[in-house]
Structures are given as structure tokens and as C-alpha cells.
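No lab work stands behind these numbers, since they all come straight from the coordinates. Only a predicted model underlies this, so the values are computations on that prediction, with no experimental measurement involved. Neighbour counts run over all protein chains shown; Cβ positions are idealised from the backbone, glycine included.
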Amino acid sequence: MTALTIQTQPIAGQKPGTSGLRKKTPVFMGPHYLENFVQAIFDVVGTKGKTFVLGGDGRYFNDRAAQVILRMAAANGAARVIVGQGAVLSTPAASHLIRLNQTDGGIIMSASHNPGGPNEDFGVKFNMPNGGPAPESVTEAMYQRTTEITEYHILQAQDVDLGTVGRVMLGAMVVDVVDPVADYADLMESLFDFDKITAMFAAGFRMRMDSMCAVTGPYAVDILERRLGAKPGTVTHATPLPDFGGMHPDPNPTWAHELMAEMMGTDAPDFGAASDGDGDRNMVVGRGIYVSPSDSLAVLAANAHLAKGYRGGLKGIARSMPTSAAADRVAAALGIAAYETPTGWKFFGNLLDAGKATICGEESFGTGSDHVREKDGLWAILLWLNILAVRGDSVADILAAHWAKFGRNYYSRHDFEAIATDKADAMVTALRAGLGDLPGRKLQGMEIASADDFAYTDPVDGSVSAKQGIRVNFTDGSRIVYRLSGTGTEGATLRVYLERYVAGPEGLDRDAQEALAPVIAAAHDLAGITRFTGKAAPDVVT
Ligand code: VG1
Ligand code: CO
């Protein structure tokens, strides 16, 4: 087999965002596009004699991209690549395999919660030897490399058979095709009390899991139905499809509407859950009650000790800045540290590696722990099941008891999608320019206490990440955060994060949108959202 060196030129705009490089699939399939970016990754991390993990969420082009990446890894001198069968691995399973096999990192092919298909989205990201997404310093170096690339290396070879588990050679490189589920499912079994969850299912507990035609189907069927004895058919949309069956695999009330309808309907199961394209997000729903991701993080942190993997307690709790402060209250009660990081899982890696935090979470339906270095949808769902099995209470009861103890951080995120980039930028620029004038200003019966543009100094390596979101804090504890999405592929998406704290005992069971009405109105007033975007109402509310 011949290793070819192909002359190429930089392609503009190969800049990784919140979670790797994401573009429209036809862009990724364009001449040299995937190859340039993969070579840039290899040039930065080095390949000679190294071992990597490779897998993706099974979306359109996943299989073709895997063959290209394997041929490039071989031509660049990698010793071994561990690939999920069919080139499929959920993001948390990939993170686990990187750690379990002590590899030099891995490449994950996914655009996560973005739709998939010939005209939808594709993505590639690199995870480090600790299993976590590459930090900004590394992704920035990769981007720099894409701007100066002149050649890439690729083996001239036939496709590797990725359909069969086992070892094959690609030139001098070993390719180990592995069962994507087994090691991950074993890890879950080591963390949770499968006997207690099994007993709960055997006693008639009913669950609905919506895998949204995305990657968690095989994982959820194996773990929930086969290992834990949930009724066959508990997992719906369980077969991963290249276009996710036309579903938008973003587990929120808008896109997981089938699950929401069932959970809010008559004869709803006890517990419902959904996960996203690559399996790192989760939405949980009780019978007749939605659990906001910020509350979910707080409840999981407060009850984690009930599961065997966390019996020794937590070292600390980390949340992304826009996530509500509900988790901070739990950390305070437990007497452990609380950390506030920028959006994106890569910022949790150092805290987890340093043993400063055990559980992490984001308001965007992402929760996880130090068992891997990614957020983990099924992990969160299993921790909820473990807590439900031990406590024997309903989801609604658990939430009510939590709010009664800690008070309630009413929370919502409003997304304004596909805005012209120049208009979104103009709005943010205007907001930034006026930040200094905000303290003391009164609106909607509230007074602004402080306003800033969030900058984060990593407590472990001292690296600084600036401009991570504009925060406006009110004297009564309410808060507005504005930020532009870093995962979209079309125009700009404005995310407005809204929060208000009610200590209780009264007023804990209101509708979130209603409770937040003054904060929402203030958010529009302050930023002139409609004036800049032309939109009076958000496209997605979570
Ligand atoms: C979004 C979420 C963020 C999450 C990121 C990747 O980023 O807000 O919390 O970490 O997606 O999640 P942004 O920049 O669009 O707000 V995944 O499951 O798409 O890898
Ligand atoms: Co995801």
C-alpha cells in the first residue's frame, strides 16, 4: 500500500467552535475539506507510533469519513486505531475508550444535537488522552494549522471492514474494531446499583426512553431492557439512522415532543428520558412534570451518594456560567466547592483531572461526572433511576422536596435562531458598550446590581477565556445572560438565559415562564432583541 502526499491549500473558516468543527455536510464532503482538518489535527497532536480512538454518532457521511480518517492515520504513522463497530461510538463511550485503553486521544465524528443528513450538519472534534474535548489552546493551534496547510498524507487502500468486531491491518497500522456498547455498559454497571434498579422495574416501574433515532439506541436497549429488565419496547426510536429519521435529535421539550406528550398525557409512565445525536445530552421528565436541566444537576448532586459509585460523596460541583445557581446551593449545603466555567464541556476537564469536582453540568441538557471527560446522557438517566429506586418517591415528589429545602431557581433559556450574523454582532456590541451604565438602573420593578462580560481563569492551568457571555445581575438575585451560540452552522443563534430565585415556602410551584415574566421583559428591554433581530419571540424555549 502506498502512502500518498496530496498537495492542498488552506480552506477558510475551519475554526472549531464550542464543540469541534461543525459545518453543513456538503461542505465537509467538499474537496480536501475533511482531509485538511484531519491533517491539521494530526500535525498538532503528532501521530507517529500513537494510538487513537475513532467513532461517531452514525450520521450521514460518518462511515465515509471514518475510512478517510483511518487511511490518513495510517499514512501519518499511527500505530493503532480503536474503532467502534460500524464506525459508531457515542461521545461518552468514546471518552471512556480513550481512558480505558490509555490512548493518545480520539476523533469523534458528530454534530451532536444538530440534524444529520446529506444537507444537514456534520462535525469532527478531537479529544485528548484524558478523554475530554481539546482545550482552547489546542483547538486554536489546529485552526492556525488549517490556515497554513500545504499537504496531507493518505494511504491508497481499500475500505477497512468496520462491520465485524476484530483486528485488521491497514498498511502497518492496527485497526481494532470493537463492540461500541460493551465496555461502556460495564462502566455504568460499576457505578450504579443495577440490582436495585432491576428490582424497581420488576415491581412494575414504567419508563419511556426516546433515543431519537440517534446513537444511544443500542446502548439504551442493552442497558435498560437487557441488563435492567425494563419492558421490551421501553426504548423508542432505538435504531440509529443516518438522517435520524428526520428527527432533530436535541432532547428538549420542543424537539422531543413525542416524549413530552406521552409524559404529560393520561397513563404516562413513571419516568421519561431522551438523549441527543451523540448521546452526551439528556432530558428527564417525570409523570406530568418536566425537569429543567439546571434543577436536574442540583438534584443529582444532592442525591448522588445514594448510588454506589458516589457513596463516598462529591469533591465539588461545577456548572457552566449560564446554568442556574441551583447546584451552588447544594454545594454550599454539602460544604464542597462550586465552580462556574464558560459554556462547553472542555472547561470541566481540568477540574475533573485535578480532583476538584466530581459532578458537572450545563443548562443545555448536559450532565456528567468524573467517570469520563464528556457529558453523558445515559449516565444521568441511570443516576436518576438509581435515586428513584433508592428513595421510592416520584420525580415530582423529589423536585418538590428539593425546592422546599433549597428554594427554587426558576430558569429558562430562550433561543433566537438563524439571525443575520451582522445583526447579532451589532446587538452584542451595543450591549457590551453599555455595560458600565447598567448598575443602578431599574426596570420591571427590579434593580441591576452588576453587569459584566464573563471571563474565566482556569484554576488549574491559569489559562484565561474572555468574552464568554454578558451577565446582568439584579439585586433580588435574578439574572439575565446573553451569548451567541458556537455550535450553529447557519447565521447566528442568540441564547438568552433567564433566572429568578424564590426562597419559598410560597411560590415554589409556578409555571417557569410566568414566574420569569419580568425577567424576560427586562431582557428584551435591555438588549433591544426585537429591534436588532426582528423577532418578537424566541424560536425555542427550554
Ligand atoms: C451548545 C450548548 C453547550 C454545549 C454545546 C455542545 O453550545 O449551549 O452548553 O456544551 O452545545 O453540546 P452553544 O455554543 O451552541 O451554546 V453537544 O451535545 O452539541 O456536543
Ligand atoms: Co451532544
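Once the Cβ-Cβ distance between Met29 and Glu490 is put in as r, and R0 is 25 Å, what FRET efficiency do you end up with, to the nearest 0.05?
Working: r = 17 Å, r/R0 = 0.68.
So the FRET efficiency works out to roughly 0.90.
Ranked highest first by average number of other Cβ atoms within 10 Å, how do 123-130, 470-477 line up? Please report the intermediate quantities before stating the final value.
Details: 123-130: 22.9, 470-477: 18.9.
Most protected by this proxy first, the peptides run 123-130, 470-477.
Could you pull out the pairs from Lys231/Lys405; Lys346/Lys405; Lys24/Lys423; Lys231/Lys346; Lys24/Lys356 whose alpha carbons sit more than 27 Å apart here?
Check vs 27 Å cut-off fails for Lys231/Lys405; Lys346/Lys405; Lys231/Lys346; Lys24/Lys356.
Treating the beta-carbon of each Lys and Arg as +1 and of each Asp and Glu as -1, no other charges, what is the dipole magnitude of the chain about its Cα centre, to the nearest 20 debye? Working shown, then result.
Details: 48 positive and 62 negative charges, 119 e Å.
Here the size comes out at about 580 debye.
Scan around Leu170 for amide H atoms under 5 Å from its own, H built in the peptide plane at 1.01 Å from N, and keep only partners 5 or more places away or cross-chain.
Those qualifying (amide H under 5 Å, at least 5 residues apart or on another chain) are Val175.
Using 0.36 nm times the number of residues separating Ala404 and Asp353, minus their current alpha carbon distance, what extension gain do you get?
Length gained, Ala404 through Asp353: 15.0 nm.
Using a 7 Å offset from the Cα along the Cα-to-Cβ direction at both Ala182 and Lys423, what is the distance between the two label points in nm, to one decimal?
If labels sit at Ala182 and Lys423, their model points lie 5.4 nm apart.
With θ set to phi - 60° and the Karplus curve 6.51 cos²θ - 1.76 cosθ + 1.60, what are the ³J(HN,Hα) couplings of region 398-403 in order, to the nearest whole Hz, using x for Gly and Pro?
With coefficients 6.51, -1.76 and 1.60, one gets 5, 5, 4, 5, 5, 5 Hz.
Just from its helices, what would the mean residue ellipticity at 222 nm be for the chain, if runs of 4 or more DSSP H residues each count -39500 (n - 2.57) and the sum is divided by every residue, rounded to the nearest 500 deg cm²/dmol?
After summing the helix terms and dividing by the residues of the chain, the value is -9000 deg cm²/dmol.
Beyond 37 Å, what share of the Cα-Cα pairs of the chain is found? Please give it as a whole percent.
28 percent
Specify the inter-centroid distance of region 18-34 and region 220-262, based on alpha-carbon positions, in whole Å.
The distance from the Cα centre of region 18-34 to that of region 220-262 comes to 27 Å.
Using the crude model of +1 on Lys and Arg Cβ and -1 on Asp and Glu Cβ, and no other charge, please compute the dipole size for region 344-448 relative to its Cα centre, in debye to 20.
Roughly 300 debye, rounded to the nearest 20.
Using alpha carbon centroids, what distance separates region 35-94 and region 519-540, in Å?
Here the answer is 42 Å between Cα centres.
From the phi angles alone, apply the Karplus equation (6.51, -1.76, 1.60; θ = phi - 60°) to region 84-97 and give each ³J(HN,Hα) in whole Hz, x where the residue is Gly or Pro.
Here the 3J(HN,Hα) series is x, 3, x, 6, 9, 8, 5, 4, x, 5, 5, 4, 5, 5 Hz.
Which one, Ile529, Thr487, Ala455, is farthest towards the positive end of the dipole of region 395-542 when Lys and Arg carry +1 and Asp and Glu -1 on their Cβ?
Result: Ile529, furthest along the dipole toward the positive end.
Going by average Cβ density within 10 Å per residue, which order do the peptides 522-535, 269-282 take, highest to lowest?
Descending packing order for the listed peptides: 269-282, 522-535.
Can you tell me the length gained on complete extension of the stretch Val460 to Ala433, counting 0.36 nm per residue apart and subtracting the Cα distance?
6.6 nm
Considering only DSSP beta bridges with both partners in the chain, what is the antiparallel share in %, to the nearest 5?
Antiparallel bridges make up about 70 percent of those DSSP assigns within the chain.
Using 0.36 nm per residue of separation minus the Cα-Cα distance, give me the extension gain between Val174 and Asn119 in nm, one decimal.
Full extension of this stretch gives 16.4 nm more.
Could the peptides 406-413, 171-178 be put in order, highest first, of the mean number of other beta-carbon atoms found within 10 Å of their residues? If you can, show how the numbers build up before the last one.
Working: 406-413: 23.5, 171-178: 18.1.
Per-residue mean Cβ counts within 10 Å order the peptides as 406-413, 171-178.
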